[in-house]
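S.K.: One structure follows; several queries about it will come next.
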Amino acid sequence: MSLQTTLNDFSAFLATQIADAGVLKGTGRPDTNQSMADKPKGTLYQDKAITNGAALWLKTGPAARDWKVISGDTGWKTLEIVSKLGNSFLRVRRLNDTVTYQFGGLQWGWFGIVRRGGPGYQLQPSDRERNVYILSQQRVPQGFRSEASMIGGIYNDKGVPYGTWYLGGPGDGNMLRFQFLDPVPTDRDIGDIRVSNIMYTTNDPWPS
């Protein structure tokens, strides 16, 4: 069973268990509602509109914005990316506090980038021949950001390493780049990229 399936099952179980336990109910998110600002720590609130995918909130502290989503799912959101080849896409999803990325769009689910210097290509200056932006500076959206920088592998369809992906945290620009072992070609695109799993816990407020 996958982690995501487990989290889905837990969220459904939690919502069922507390549905009739005196939960406050209303419409809209409580962290921006002045009438909810003085609710005591430990208060549960159900948003009947499930605004932005958030169904159940918990008051975690005394401040007006001290509300945390404990049952919410944004669904998959397609991000605006650069350097992409053809119909390649990058999607992001937040389930409670867990953020997951999904790459694809080309034949057999591949992801691709255009040749270096091609339309939409954005090099990353720390290695102008090998590093390329997928999400440029501050383009990891708020509500989905990592607390720290992360790294993982990118491969061709046979599992041979192309290099790494690098996700910058708040201290490194909230961006996503690929870092290739060899210079990115200027005479051909790369269209058979497989990206290793990107999943992490975020402390960002729920996305708006």
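S.K.: Within the stretch 153-168, how many residues turn out to be assigned to a strand (DSSP E or B) and farther than 15 Å from residue 140 by Cβ? Break it down into steps so the answer makes sense when it comes.
M.R.: First pass over the stretch 153-168, keeping only residues assigned to a strand (DSSP E or B): 153-155, 161-167.
Subset that is farther than 15 Å from residue 140 by Cβ: 153-155, 161-164.
Count: 7.
S.K.: Can you tell me which residue among 153, 191, 168, 117 is farther than 21 Å from residue 89 by Cβ and at pLDDT 95 or above? Talk me through it step by step, then tell me what you get.
M.R.: Working: 153 fails: farther than 21 Å from residue 89 by Cβ; 191 fails: farther than 21 Å from residue 89 by Cβ; 168 fails: farther than 21 Å from residue 89 by Cβ.
Of the residues listed, the single one that is farther than 21 Å from residue 89 by Cβ and at pLDDT 95 or above is 117.
Per-residue answers, yes or no, for (1) open to solvent by 20 Å² or more (accessible area, probe 1.4 Å); (2) aromatic (Phe, Trp, Tyr); (3) within 20 Å of residue 117 (Cα to Cα):
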position	(1), (2), (3)
153	no, no, no
165	no, yes, yes
169	no, no, no
180	no, yes, yes
191	yes, no, yes
194	yes, no, no
197	yes, no, no
203	yes, no, no
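S.K.: I'm trying to understand the selection: among the residues of the stretch 119-145, which are farther than 10 Å from residue 184 by Cβ, surrounded by fewer than 21 Cβ atoms within 10 Å (Cβ to Cβ) and hydrophobic (A, V, I, L, M, F, W, C)?
M.R.: Passing the criteria: only 144.
S.K.: Another question, if that's okay. When both residues are 6+ apart or on different chains and their Cβ atoms are under 9 Å apart, which pairs have a first residue that lies in the stretch 143-158 and is over 18 Å from residue 193 (Cβ atoms) and in contact (Cβ under 8 Å) with a residue 60 or more places away in the chain, and a second that is open to solvent by less than 20 Å² (accessible area, probe 1.4 Å) and basic (Lys, Arg)?
M.R.: Matching pairs, first to second residue: 143/94; 144/94.
S.K.: Give all pairs with beta carbons closer than 6 Å in which a residue from the stretch 22-37 that is farther than 12 Å from residue 67 by Cα meets a residue that is open to solvent by less than 70 Å² (accessible area, probe 1.4 Å) and not charged (D, E, K, R); count only pairs at least 6 apart in sequence or on separate chains.
M.R.: 23/44; 23/46; 24/45; 25/46; 27/49; 28/51
S.K.: Given the structure, is residue 116 in contact (Cβ under 8 Å) with a residue 24 or more places away in the chain, surrounded by 16 or more Cβ atoms within 10 Å (Cβ to Cβ), assigned to a loop (DSSP other than H, G, I, E, B) and of a type in the set (D, E, K, R)? Before you say what the answer is, go through the steps one by one.
M.R.: Details: in contact (Cβ under 8 Å) with a residue 24 or more places away in the chain: yes; surrounded by 16 or more Cβ atoms within 10 Å (Cβ to Cβ): yes; assigned to a loop (DSSP other than H, G, I, E, B): yes; of a type in the set (D, E, K, R): yes.
Criteria met by residue 116.
S.K.: Go through (1) at pLDDT 90 or above; (2) surrounded by 12 or more Cβ atoms within 10 Å (Cβ to Cβ); (3) not hydrophobic (A, V, I, L, M, F, W, C) one by one and return the number of the condition residue 41 breaks.
M.R.: Going through the list (1) at pLDDT 90 or above; (2) surrounded by 12 or more Cβ atoms within 10 Å (Cβ to Cβ); (3) not hydrophobic (A, V, I, L, M, F, W, C), residue 41 breaks only (2).
The values are calculated or read from the model by the stated rules, or taken from the named source; none is laboratory data. Values in this document were obtained by computation on a predicted structure and should not be read as measured data. Cβ coordinates were reconstructed from backbone atoms using ideal geometry, including for glycine residues, and neighbour counts include every protein chain displayed. Heads up: the accessible areas ignore ligands, DNA and RNA and are worked out on the full protein's heavy atoms, side chains in. Shrake-Rupley method; radii C 1.70, N 1.55, O 1.52, S 1.80 Å.
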